[in-house]
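Shown next, in structure tokens, is the structure this report addresses.
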Amino acid sequence: MLESAPLLQSERMSISFHVDSTSGKAHRGRLLTPHAEIETPVFMPVGTVASVKGVPQDTLEELGAQIILGNTYHLYLRPGVQTVRRMGGLHGFMAWPRAILTDSGGFQVFSLNELRKINEEGVTFRSHLDGSSHFFSPESAMEAQIGLGADIIMTFDECTEYPADRARARASMEMTARWAARSKKYFEEHKHEVPWGGNAHVGTDAFVRPVDQGRTNASVPTRSEQTQALFGIVQGGMDRELRRESAERTIEIGFPGYAIGGLSVGEPRELTREIVESTLEHLPADKPRYLMGVGTPEEIVEYANLGVDMMDCVLPTRAARHGLLFTSEGKVSIKQARYAQDPAPLDPNCACRVCQRYSRAYLRHLYASNEVLAQVLNTIHNLSFYLDTMRRVRHSISLGEESRFLSSVWSRPKPGTQ
Ligand SMILES: [Zn+2]
């Protein structure tokens, strides 16, 4: 049932990254993690509470999702880190054999909690579920993420609000740098506590056993000897110099991958692009570069062209639940009455199981009737569209071409059904 072939690569400790081809600033590469090999640039669907809303794991596999995200803040509050740990970590708990990345919880602590209190030690916040009081520090955020057991985890950072003046952005960036050093120190001391291997793999036999059974050489590490990879996060608000300094300080601490955080927080899109482009110049190209929390289909192509290797965004899944669908012919708001008797597929150029089977009229009816199936099918299509978009980007890079989302995909002649 599960494709376990990529899971047998156990001869490494955390991750490794290989760039196979380049086109302009864009890289096509492979990121080897303890649970899967990931082709980059990659789009990572968001599974906030260990679930990509509405989409079963076998469907995610069919769509070609190589790595998904979990949110530490939400999982820490419910079901709790110990529960997930006892189930073998997120891989075992949610029966997902491929790669997982968790954020540090920082972004949600800052964005979902108006009553938070921040000091050098960490952040006190109230649960959005029941109002109970909690505390996250670099150390406790690492402890939580080690317990959740994702392949890639993130340092605890402060996401600088927008707008922020320069003094505020500097102070925030400097605290993020100090927290990054504390995150790494705790991680290095505790990274072997990750809940993989041994007897921890409750419910995960399908993907854990092949590693152990295939072990013929005692010198080859089992997954229990592998560790997670901790990525650093660059902050610095919308100030290019602060971003440069943040990148340098984060690189000095030393991580196997680097993220650009604190963007898509309300700033104009041109500014996002400018900060991404300038920050990338200061990040090593032989390490994966992860742009957090972006973007539209056009934007993910644009950022891949700039040299970003990894991206995540709630947009395809969230928009789908609101009936907003991304297609090769542009955005479709499926709730519109004009689709009520439209027999055409949602996207005639999409090979996903939704477009192969259902009409716009049916999808519109499901949405108008508030059927759960509307959310499921809409989400499957949108994720398929994002993942296909990145597949095309990788193909273009390997051909040495720049990916042009608008000209190569969206400007195709419309079929006769329009
Ligand atoms: Zn489709």
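Just a few scattered comments:
- Taking θ as phi - 60° and the Karplus parameters 6.51, -1.76 and 1.60, the scalar couplings of segment 355-366 work out to 5, 6, 10, 10, 8, 4, 4, 5, 4, 5, 4, 4 Hz in sequence order, x denoting glycine and proline.
- Distant-in-sequence amide H partners of ILE67 (H built 1.01 Å from N, under 5 Å): none
- On the basis of the beta-carbon distance and an R0 of 25 Å, ARG116 and GLU281 show a calculated FRET efficiency of 0.15.
- Working note: Karplus 6.51/-1.76/1.60 with θ = phi - 60° gives segment 178-193 the couplings 5, 5, 5, 5, 5, 4, 5, 4, 5, 4, 4, 7, 10, 5, 7, 8 Hz, where Gly and Pro are set to x.
- In the complete set of protein chains, residue-level accessible area for GLU267 is approximately 20 Å², probe 1.4 angstrom.
- Label-to-label distance, nm, for residues given as ARG178 and GLU401 (7 Å Cα→Cβ offset): 5.2 nm
- Those Cys residues of the chain for which no other cysteine Cβ falls under 4.7 Å: CYS159, CYS313, CYS352
- Counted by Cβ distance under 15 Å from ARG244, the other residues give a net charge of -3, where Lys and Arg count +1 and Asp and Glu count -1.
- Value of relative contact order over the chain, rounded to a whole percent, pairs C-alpha under 8 Å and six or more apart: 18 percent
- Per residue, in Å², the accessible surface of segment 75-192 once ligands and nucleic acids are set aside, probe 1.4 Å: 42 Å²
- Computed accessible area, HIS381, all protein chains, 1.4 angstrom probe, square angstrom: 0 Å²
- Surface composition of the chain: carbon and sulfur make up 50 percent of the accessible area, probe 1.4 Å.
The values are calculated or read from the model by the stated rules, or taken from the named source; none is laboratory data. These numbers were taken from a predicted model, which means no experiment stands behind them. For neighbour counting, all protein chains shown are included, and Cβ atoms are generated from backbone atoms with ideal geometry for every residue, glycine included. These accessible areas exclude ligands, DNA and RNA; they are computed on the full protein's heavy atoms, side chains included. Shrake-Rupley method; radii C 1.70, N 1.55, O 1.52, S 1.80 Å.
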